[in-house]
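**Student:** Sharing a structure below in structure tokens format, with a few things to ask.
The values are calculated or read from the model by the stated rules, or taken from the named source; none is laboratory data. Keep in mind it's a predicted model, so treat the numbers as computed, not measured. Note that each Cβ is placed from the backbone with ideal geometry, even for glycine, and that neighbours are counted across all protein chains shown.
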Amino acid sequence: MVEYFVNGGPFMWPILFAFLFGIAFSLERFYSLIMSSVNSKKFFSSVESTLKDEGLDAAIELCEKTRGPVAEIFHAGLSRYNRGLDEVEKAIQNAGGIEMSFLEKNMIWLNAVITIAPLLGFTGTVSGMISAFEDIAAANDISPAVVASGISEALLTTAFGLIVAMIIQVFQNFFVSRIDHLILDMEEHSVQLMDNLYEMKSAEK
């Protein structure tokens, strides 16, 4: 592998840098999404039972102690319950937008690596082919031995650029799937929370 890297020429270094850059952001996203994960159904049931048995303040405290976007949204909504359900709904929508931004944070850098790595590989290919033709001109010969080095450089940079893009693409697809699942959880349980709060409001009258 080291030999292939060396034979790939100078464009292998920016491809390697792009790969390490993509891996670093992949690890950051993986950690953030793992920390954002929570059993939403179980959490909603806990909030629902706490609201009924212990009251609003206890439910807010439960949300404060629980990690994840659903808990943050619930906390924002419940904290404004005394201002009216319209304010609760606005707070949930605002918090939902903030949490979505947090979940999608740094995904643009993964897209950048997926786009740039193959381009670097193709640029290395052009560089290798130029080198091959220069060798032909210098030797005044088109034998395989003369052009082998330049063509090898051209093919290796393309291959490594595409491999880097494919690896980061797999990470990105996993993260997008996970983010979609978390957003669906937020929307579903936000609707359920609002239904519960409307019932509470009706019971208070």
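**Student:** Of all residues in the range 177-196, which are under 22 Å from the mean Cα position of the chain (by Cα), surrounded by 14 or more Cβ atoms within 10 Å (Cβ to Cβ) and hydrophobic (A, V, I, L, M, F, W, C)?
**Tutor:** If the condition is that a residue be under 22 Å from the mean Cα position of the chain (by Cα), surrounded by 14 or more Cβ atoms within 10 Å (Cβ to Cβ) and hydrophobic (A, V, I, L, M, F, W, C), then ILE179, LEU182, ILE183, MET186 are the ones that fit.
Rundown of residues vs (1) small (Gly, Ala, Ser); (2) in contact with a His (Cβ under 7 Å, 6 or more places away or on another chain); (3) over 22 Å from LEU184 (Cα atoms); (4) at pLDDT below 85, yes/no style:
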residue	(1), (2), (3), (4)
ILE15	no, no, yes, no
SER37	yes, no, no, yes
SER46	yes, no, no, no
HIS75	no, no, no, no
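**Student:** If you don't mind, there's one more thing I want to ask. Give me the pairs: first residue in the range 91-103 and among the polar types (S, T, N, Q), second residue assigned to a helix (DSSP H, G or I), beta-carbon distance under 8 Å, and six or more apart or on different chains, which are they?
**Tutor:** That search, which allows pairs on different chains as well, returns ASN94/ALA76.
**Student:** Hey, any hits in the range 145-161 for a residue that's within 22 Å of the chain's Cα centre (by Cα) and at pLDDT 90 or above?
**Tutor:** Taking every residue of the range 145-161 in turn, at least one turns out to be within 22 Å of the chain's Cα centre (by Cα) and at pLDDT 90 or above.
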